[in-house]
1. Which condition from (1) assigned to a helix (DSSP H, G or I); (2) surrounded by fewer than 13 Cβ atoms within 10 Å (Cβ to Cβ) is the one that H90 breaks?
2. Does segment 95-107 contain at least one residue that is assigned to a loop (DSSP other than H, G, I, E, B), among the β-branched types (V, I, T) and surrounded by 15 or more Cβ atoms within 10 Å (Cβ to Cβ)?
3. Right, F69: surrounded by 17 or more Cβ atoms within 10 Å (Cβ to Cβ) and without any contact (Cβ under 8 Å) to a residue 40 or more places away in the chain or not?
4. Could you grab me the full set of residues in segment 15-57 that are over 22 Å from T71 (Cα atoms) and modelled with pLDDT of 95 or more?
5. Among the residues of segment 6-17, is any surrounded by 11 or more Cβ atoms within 10 Å (Cβ to Cβ) and in contact (Cβ under 8 Å) with a residue 24 or more places away in the chain?
6. Return the residues of segment 27-43 that are without any contact (Cβ under 8 Å) to a residue 40 or more places away in the chain and either farther than 29 Å from R78 by Cβ or surrounded by 14 or more Cβ atoms within 10 Å (Cβ to Cβ) (or both); say none if nothing qualifies.
Amino acid sequence: MPQISNDQLGRRRFQLKKEQAIEEAIEKIRRAPFVDWPDFCGEECRELRRVLGELWIYVGKEKWEGYTFSTLTQNDLRRLLLLGERSEDHVWSRELIAEMDAILSHT
């Protein structure tokens, strides 16, 4: 059996926590009364997962756990996706994170 370093274990643990947080958020969004989930096709759903994953990294656990994903609307999701398109392959700016935070915090 190959040796696994503490660094590798830490990275894997981080990745698993991130994936779990994304799955929980997606499930809440899927059940949200103001979202027509079937309207989100495979590509949009993949992009939403990518955006949520990046946001999870940037905002921190306390902020993430304060989001009420179940109250998002179709428009909120579209806005997140548009912001996500702007961020593709770039480091996320504070302004971008603040815009996404405002959507998810309903402010």
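1. Status for H90: all satisfied but (1).
2. No, there is no match, as no residue in segment 95-107 is assigned to a loop (DSSP other than H, G, I, E, B), among the β-branched types (V, I, T) and surrounded by 15 or more Cβ atoms within 10 Å (Cβ to Cβ).
3. no
4. Q15, L16, K17
5. no
6. Residues satisfying the conditions are R30, F40.
The values are calculated or read from the model by the stated rules, or taken from the named source; none is laboratory data. Computed from a prediction, not measured in an experiment: that's the story for all the values here. Quick reminder, even Gly has a Cβ in these numbers, built from the backbone with ideal geometry, and neighbours come from all protein chains shown.
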